[in-house]
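> Have a look at this one.
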Amino acid sequence: MEVKIGVQHAPREITLESGQSAEEVERLVAEALGGKAQVLALEDAHGRKVLVPSDRLAYVELGEPSARKVGFGAA
């Protein structure tokens with residue numbers, strides 16, 4: 001699933017392809033915004049972690065789970 005994170009005072013958003021479920025990402029964001037966690041920590045599909053301070057979150061956009069595309073055909 002594609003996750004886009006807007007960070008305050010940053011010109012670009014953070015985009016990552018996460019293997020986590022939408023429910024899990026939503027729970028982590030809610031904990032960060034609710035003050036339970038000081039950092040929003042997400043893991044991308046390659047095992048890398050993205051850490052964003054909770055007080056700098058502007059928005060989080062969750063995309064639909066996407067199937068892996070293979071080949072050169074026009075879809």
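> Show me the strands (runs of 3 or more DSSP E) found entirely inside the stretch 21-67 where at least 2 residues are open to solvent by less than 70 Å² (accessible area, probe 1.4 Å), farther than 14 Å from V3 by Cα and not small (G, A, S).
Correct list: empty, since no element meets the threshold.
> Now for a different question. Going residue by residue through the stretch 2-13, is there one that turns out to be touching a residue at least 60 places away in the same chain (Cβ under 8 Å) and either touching a Leu at 6+ places or on another chain (Cβ under 6 Å) or not in a loop (DSSP other than H, G, I, E, B) (or both)?
So far as the stretch 2-13 goes, yes, one or more of its residues are touching a residue at least 60 places away in the same chain (Cβ under 8 Å) and either touching a Leu at 6+ places or on another chain (Cβ under 6 Å) or not in a loop (DSSP other than H, G, I, E, B) (or both).
> While we're looking at this one, here's another question. Quick check on my filter: what residues within the stretch 1-48 are closer than 12 Å to Y59 by Cα, under 8 Å from the mean Cα position of the chain (by Cα) and of a type in the set (D, E, K, R)?
K4
The values are calculated or read from the model by the stated rules, or taken from the named source; none is laboratory data. Since the model is a prediction, treat every value here as computed from it, not as a measurement. Reconstructed Cβ throughout: ideal geometry from the backbone, glycine too, with neighbour counts over all protein chains shown. Note: accessible area is taken over every heavy atom of the protein model, side chains too, but ligands, DNA and RNA are not part of it. Shrake-Rupley method; radii C 1.70, N 1.55, O 1.52, S 1.80 Å.
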